[in-house]
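A quick write-up on the structure given underneath.
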Amino acid sequence: MEANSKLISTFFALLSMGLVACSAVSQEPSTVGANRFSGQIVVDLGWDKYDGFRRGFDPTLGWSYSNPLLFQSTLLSRNEKLELVNDLAQSYSISSDRKVWKFNIRKDARFTDGQPLTAEDVAYTYNKTKDSPGHRDLRILERAIATSKHSVELHLKQPQITFTQELTTLGIVPKHAHNKNYPRNPIGSGPYRLVQWVEGEQVVIEANPNYYGEKPKIKRVVFLFSRGDAAFAAARAGQVHVADVPYSLAPKPIEGMTLYRTKSVGHAGLMFPYPPNTGKKTPQGYPIGNDVTSDLAIRRAVNYAIDRKVLVNSILEGNGSPATGPADGMPWFEPTAAIGDADIDKARQILAEAGWKDTDGDRILDKGGLKAEFKLLYAAQDAHRQGLALAVAQMVKPVGIRIIPEGRNWTEIERRMQSNTVLYMTSNRGPQQLHFYYKSTEARGKSQNPGYYANPVVDAAIDAAMTSQSEQKANVFWRQVQWNGQTGVTTKGDAASAWMVNFDKTYFVSNCLDIGKNKEQSNRYRGSIFTNLPQWQWICQ
């Protein structure tokens, strides 16, 4: 064990050196211009964030689902306690069969072109989104109907409480001005309006004078999309007021700025193929199942062998937290599903009791002629995915399991994810993620339920959650999906996956900029430091 510990320590040291080497920047001192204010603030989001902007600002094609609402507004929103509150809606009700949502919308909402927002715009937005090839899945929507100028009904095919995710994130677009040019010329009723877009460089927004809600205190915001470590360099040079920086640069202080580590909705884990390989194929013709990962003992042993604290400290450089399930830190998290990880002895015991032995002395267990080894696919372009994959492979070696990491592009991964373990790095934006990952009917050869997991008890709990009368009642069933005392998707149950880490986000923020509650952000469901951008204010003279 001591020799193995030294080996792992050396591995992590070399890995960390490699990650840091990719992020080396000049150490020249800054000129502290981030405490100056000329009517606008400058935010450098880094190049990685530009992908969310490059497709444009059309909610019907996916904008605002994973980005902060800027230009459009929604029927409902969430308060600081994550409770549903009215936004465009003044009131709403749900039919007794929970299939029809009725909304009365406010009469003072206007688009940035001066035209009033009506129920017809709401109905158009939902119907258009349902038929658009975007990032939203509105298959549940039957139709949206404007019943009067300020009343709209959303008819669902069946009850689905997670529809609230759409109600709080789908921005309303104007029917009269929604065309092929809209993504780059958005017209909305949100707190800001777009005034400039320089492709690949910057986006400039200003406060919307027609906004019905609390007017933004910062009237103009410039978003930059710098490549490499330029965001950190710009912060040190005093050229930006907020900079999204990589973990490796977070420990380096910047005069006049404070580092904020905020909990995000990002997390990473391994998705196992659940059934054995019996020759079945996906509708696309790709193989389903894996004879090694279909063994519960293998999946559980991997979960127990992973040292999640080491992953957080070594790969994320302390900017995250261990994840033992798919809902850590969320209102629907089941705490009794958690396990004590980094338990090599427990992992070995599980494997031994299941009949796995090293019969040929190669330090890899086998059973019935089958080696305890499998491939782990990860997106090759991402250093953190690579780091996590290589680290986990090292961690399971002492228990006799061989993981073979393979960096591939997503086109190839999508062809192999039903028969190979995949490292998922994704965003937990709602409890419907449990439905997407673990509902048996979602296994259709795509990224939803890629491992073809199936458990009728879990399916029943998911169905009960989806048809609940409220989010609070649904959470009771979402917790049962994870672990009900006898079964569930987590390690104590079927160990359908091996979640590893939750990610924090690291930002440098000017000491003259008050970003409100987000600087004390503790709930991962809020997701972004920019959630309350309209409430930010300048506090220096």
(request) Please state which one of Q394, Q418 is outside any loop (DSSP other than H, G, I, E, B), of a type outside the set (S, T, Y) and either in contact (Cβ under 8 Å) with a residue 60 or more places away in the chain or touching a helix residue (DSSP H, G or I) at 6+ places or on another chain (Cβ under 9 Å) (or both). (result) Q394
(request) Look through A460, A454 and report the one residue that is of a type in the set (A, V, I, L, M, F, W, C), assigned to a helix (DSSP H, G or I) and either modelled with pLDDT of 95 or more or on the phi > 0 side of the Ramachandran plot (or both). (result) A460
(request) Give the stretch 119-163 a look and list any residue that's within 22 Å of F53 (Cα to Cα) and among the charged types (D, E, K, R), or say none. (result) K128, K130, D131, R136, D137
(request) Have a look at G325, G318 and point out the one that is under 18 Å from F503 (Cβ atoms) and crowded, with 22+ Cβ neighbours inside 10 Å. (result) G325
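Listed here are the residues, each with its yes/no results for (1) of a type in the set (A, V, I, L, M, F, W, C); (2) under 20 Å from G188 (Cβ atoms).
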site: E206; (1), (2): no, yes
site: D229; (1), (2): no, no
site: D244; (1), (2): no, no
site: A268; (1), (2): yes, no
site: Y274; (1), (2): no, no
(request) Count, please, the residues in the stretch 298-312 that happen to be touching a helix residue (DSSP H, G or I) at 6+ places or on another chain (Cβ under 9 Å) and open to solvent by 10 Å² or more (accessible area, probe 1.4 Å). (result) 4
(message) Please list, ordered by residue number, the strands (runs of 3 or more DSSP E) wholly in the stretch 32-132 having 2 or more residues that are polar (S, T, N, Q) and touching a Phe, Trp or Tyr at 6+ places or on another chain (Cβ under 7 Å).
(response) none
(message) Of the conditions (1) touching an Asp or Glu at 6+ places or on another chain (Cβ under 9 Å); (2) part of a loop (DSSP other than H, G, I, E, B); (3) at pLDDT 95 or above; (4) β-branched (V, I, T), V489 satisfies every one except a single condition; which number is it?
(response) (1)
(request) Tell me which residues, restricted to the stretch 192-203, are open to solvent by less than 20 Å² (accessible area, probe 1.4 Å) and at pLDDT 95 or above. (result) Y192
(message) Just to be sure I understand, how many residues within the stretch 98-129 are surrounded by fewer than 20 Cβ atoms within 10 Å (Cβ to Cβ), modelled with pLDDT of 95 or more and under 18 Å from L76 (Cβ atoms)?
(response) 7
(request) Taking N210 as meeting all but one of (1) open to solvent by 20 Å² or more (accessible area, probe 1.4 Å); (2) within 27 Å of the chain's Cα centre (by Cα), write down the number of the exception. (result) (2)
(request) Test I364 against the criterion of being within 22 Å of V292 (Cα to Cα) and either small (G, A, S) or open to solvent by less than 60 Å² (accessible area, probe 1.4 Å) (or both), and give yes or no. (result) yes
(message) Please determine whether any residue of the stretch 168-176 is modelled with pLDDT of 95 or more, out of contact with any His (no Cβ under 6 Å at 6 or more places or on another chain) and basic (K, R).
(response) yes
(message) Within the stretch 252-277, take every residue that is more than 30 Å from P326 (Cβ to Cβ) and in contact with a strand residue (DSSP E or B) (Cβ under 8 Å, 6 or more places away or on another chain) and give me the one that is surrounded by the fewest Cβ atoms within 10 Å (Cβ to Cβ).
(response) P253
(request) Any chance you could count how many residues in the stretch 454-486 are among the aromatic types (F, W, Y) and out of contact with any Asp or Glu (no Cβ under 7 Å at 6 or more places or on another chain)? (result) 2
(request) State the number of residues belonging to the stretch 144-154 that are under 28 Å from the mean Cα position of the chain (by Cα) and open to solvent by 30 Å² or more (accessible area, probe 1.4 Å). (result) 0
(request) Working only within the stretch 228-242, note down all residues that are closer than 15 Å to E255 by Cβ, open to solvent by 10 Å² or more (accessible area, probe 1.4 Å) and in contact with a Leu (Cβ under 7 Å, 6 or more places away or on another chain). (result) H241
(request) Could you run through the stretch 424-451 and say how many residues are in a helix (DSSP H, G or I) and of a type in the set (S, T, Y)? (result) 4
(message) Every residue in the stretch 118-166 that is under 17 Å from D463 (Cβ atoms) and aliphatic (A, V, I, L, M), please.
(response) I140, L156, I161
(request) Quick one: count up the residues across the stretch 213-237 that are in a strand (DSSP E or B) and closer than 18 Å to T506 by Cα. (result) 2
(request) Scan the stretch 173-187 for residues that are out of contact with any strand residue (DSSP E or B) (no Cβ under 9 Å at 6 or more places or on another chain) and either part of a loop (DSSP other than H, G, I, E, B) or open to solvent by 40 Å² or more (accessible area, probe 1.4 Å) (or both) and report the count. (result) 8
(request) For the stretch 128-142, state whether one or more residues are among the small types (G, A, S), within 18 Å of D58 (Cα to Cα) and in contact with a helix residue (DSSP H, G or I) (Cβ under 7 Å, 6 or more places away or on another chain). (result) yes
(request) Report yes if some residue within the stretch 336-346 is within 17 Å of I403 (Cα to Cα) and open to solvent by 50 Å² or more (accessible area, probe 1.4 Å); otherwise report no. (result) no
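The values are calculated or read from the model by the stated rules, or taken from the named source; none is laboratory data. All of these numbers come straight from a predicted model, not from anything done at the bench. Using ideal geometry, Cβ is built from the backbone for each residue, glycine included, and neighbour counts are taken over all protein chains shown. Heads up: the accessible areas ignore ligands, DNA and RNA and are worked out on the full protein's heavy atoms, side chains in. Shrake-Rupley method; radii C 1.70, N 1.55, O 1.52, S 1.80 Å.
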